[in-house]
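*Asks:* One structure coming up, written as structure tokens, with questions to follow.
None of the figures in this text is laboratory data; all of them are computed from the coordinates on show. Note that this is a predicted model, so its numbers are computed, not measured. Glycine gets a Cβ as well: all are built from the backbone with ideal geometry, and neighbour counts include every protein chain shown.
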Amino acid sequence: MPRVPIIAGNWKMNTTVAEGLALVDAMLPRLAALEGVERVVCPPFVSLVPIAERLRGTPIQVGAQNVYPAPQGAFTGEISPRMLEGLVSHVIVGHSERRHYFGEDDAFVQRKVQAVLEAGMVPIVCVGETLEQHEAGEGSQVVGRQARAALDGLVDVARVVIAYEPIWAIGTGHAATPDGCNATIAAIRAALSEAGVDGQAVRIQYGGSVNPDNWPALIAEPEVDGALVGGASLNADQFVDIVRLTRTT
């Protein structure tokens, strides 16, 4: 079965509720008209309810940027999968910023993946190597390990999306080369297959300084199934262009 491309916009810690609604309104008519691509916007938690209401009944889906892997409890400031049920369709887990700034390891990320799946949502699992690991030629080994750990013990891996986000490319303006991106994603699929997981069943995105200029060459690579877009998703014209280019490439 063909892997349907997926484009998700990660707004990170940007936009007030009013700004988020304005951004959605600016992109909605054009974004809704583009078919053949799964489209997801991932605003901050404070904007999830109003944006989900604004997008209800449209083909644009909403994702959360994080989750805590427990249904409830004394975890002040955290959001459980139960709180997100019926509100979002996707949840980003294991983003490099969560791993780096908040100390999330592979085991904790795997718990999040399991919790999201059990709640009926789609986890977008981020993997990526540092610049030092990349320059040492260890990138494929690092992301392969992270991907295997995230999917360990899962049965329905086709419901999972992996986002390959090299840490050295996030917010730097320096995207991976198309052939380098393709080779790393192929290595992720191979690592999954070696662990007994059908790597071809998993959609794998690329993320890291994606923009309308570099995206056509990246999505043209056979292993790339979409993008997790950061800064460009905060610009309605750029995000719509990325989706349009995915549809027509």
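*Asks:* Compute the Rg to Rh ratio over the range 1-149 from the alpha carbon atoms, using the Kirkwood formula for Rh, and round to two decimal places.
*Replies:* The Rg/Rh ratio comes out at 0.99.
*Asks:* For a footprinting-style exposure proxy, rank 95, 100, 174 by other Cβ within 10 Å, fewest first.
*Replies:* Details: 95 27, 100 11, 174 14.
Ordered by Cβ neighbours within 10 Å, fewest first: 100, 174, 95.
*Asks:* Then there's this: Across the range 170-181, in residue order, what do the Karplus-derived ³J(HN,Hα) couplings come to in whole Hz, using 6.51 cos²θ - 1.76 cosθ + 1.60 with θ = phi - 60° and x for Gly and Pro?
*Replies:* In residue order, the calculated couplings are 6, x, 9, x, 10, 7, 5, 6, x, 5, x, 4 Hz.
*Asks:* Whole number please: convex hull volume per residue, Cα atoms of the range 163-249, in Å³. Don't skip to the answer; put the middle values down first.
*Replies:* Working: hull volume 7.3 nm³, N = 87.
Normalising the Cα hull of the range 163-249 by residue number yields 84 Å³.
*Asks:* By count of other Cβ within 10 Å, fewest leading, how are 12, 112 ordered?
*Replies:* Details: 12 19, 112 23.
Sorted ascending by nearby Cβ count, the order is 12, 112.
*Asks:* Please list 3J(HN,Hα) in residue order for the range 96-106, calculated via the Karplus relation 6.51 cos²θ - 1.76 cosθ + 1.60 where θ = phi - 60°; whole Hz, with x for glycine and proline.
*Replies:* Once rounded to whole Hz, the list reads 4, 5, 5, 5, 7, 7, 10, x, 6, 9, 4.
*Asks:* Which value in deg cm²/dmol, rounded to the nearest 500, describes the helix-derived mean residue ellipticity at 222 nm for the chain, given -39,500 (n - 2.57) per DSSP H run of n ≥ 4 and division by the residue count?
*Replies:* -12000 deg cm²/dmol
*Asks:* Can you list the HN-Hα couplings for the range 8-14, worked out from phi with the Karplus curve (6.51, -1.76, 1.60; θ = phi - 60°), rounded to whole Hz and with x for Gly and Pro?
*Replies:* Taking θ as phi minus 60°, the curve returns 10, x, 9, 7, 6, 8, 9 Hz for the range 8-14.
*Asks:* Using the beta-carbon distance between residue 177 and residue 102 and R0 = 35 Å, what value does 1/(1 + (r/R0)^6) give for FRET efficiency, to the nearest 0.05?
*Replies:* After rounding, the FRET efficiency stands at 0.70.
*Asks:* Lys and Arg at +1, Asp and Glu at -1: add these up for the other residues within a Cβ distance under 12 Å of residue 34 and post the number.
*Replies:* Once all neighbours under 12 Å are counted, the net charge is +1.
*Asks:* Of 82, 159, how do they rank once you tally other Cβ atoms within 10 Å and put the fewest first? Each step should come with its number before you reach the end.
*Replies:* Working: 82 13, 159 17.
Least crowded to most crowded, the residues run 82, 159.
*Asks:* Taking amide hydrogens as modeled 1.01 Å from N in the peptide plane, which residues meet the under 5 Å criterion relative to residue 65, leaving out close sequence neighbours?
*Replies:* Amide H to amide H, under 5 Å and 5 or more residues apart or across chains, residue 65 pairs with 92.
*Asks:* Per 0.36 nm of contour for each residue apart, how much would the distance between residue 237 and residue 45 grow if the chain were fully extended, relative to their Cα-Cα spacing?
*Replies:* Result: 66.8 nm gained on full extension.
*Asks:* Magnitude of the Cβ-charge dipole of the range 1-101, K/R +1 and D/E -1, about the Cα centre, nearest 20 debye?
*Replies:* The calculated dipole for the range 1-101 is roughly 180 debye.
*Asks:* Let me ask you something else. Putting +1 on Lys and Arg Cβ atoms and -1 on Asp and Glu Cβ atoms, find which of 115, 164, 154 reaches farthest to the positive end of the dipole of the range 71-200.
*Replies:* My answer, from the dipole projection, is 115.
*Asks:* Quick one: dipole size for the range 99-249, taken about the Cα centre, charges +1 on Lys/Arg Cβ and -1 on Asp/Glu Cβ, in debye to the nearest 20.
*Replies:* Computed charge dipole of the range 99-249: roughly 380 debye.
*Asks:* If each residue of separation counts as 0.36 nm, what is the full-extension length gain between residue 193 and residue 130 once their alpha-carbon separation is subtracted? Could you put the intermediate results ahead of the total?
*Replies:* Values: separation 63, 0.36 × 63 = 22.68 nm, distance 2.38 nm.
Using 0.36 nm per residue and subtracting the Cα-Cα distance, I get 20.3 nm.
*Asks:* Separate question: Two-decimal Rg/Rh of the chain from alpha-carbon positions, Kirkwood Rh?
*Replies:* 0.93
*Asks:* Hey, how much of the P(r) for the range 79-179 falls beyond 24 Å, as a percent of Cα pairs?
*Replies:* 24 percent
*Asks:* First measure r as the distance between the Cβ atoms of residue 70 and residue 247, then evaluate 1/(1 + (r/R0)^6) with R0 = 35 Å and state the FRET efficiency to the nearest 0.05.
*Replies:* Details: r = 38 Å, r/R0 = 1.10.
Result of the calculation: an efficiency of 0.35.
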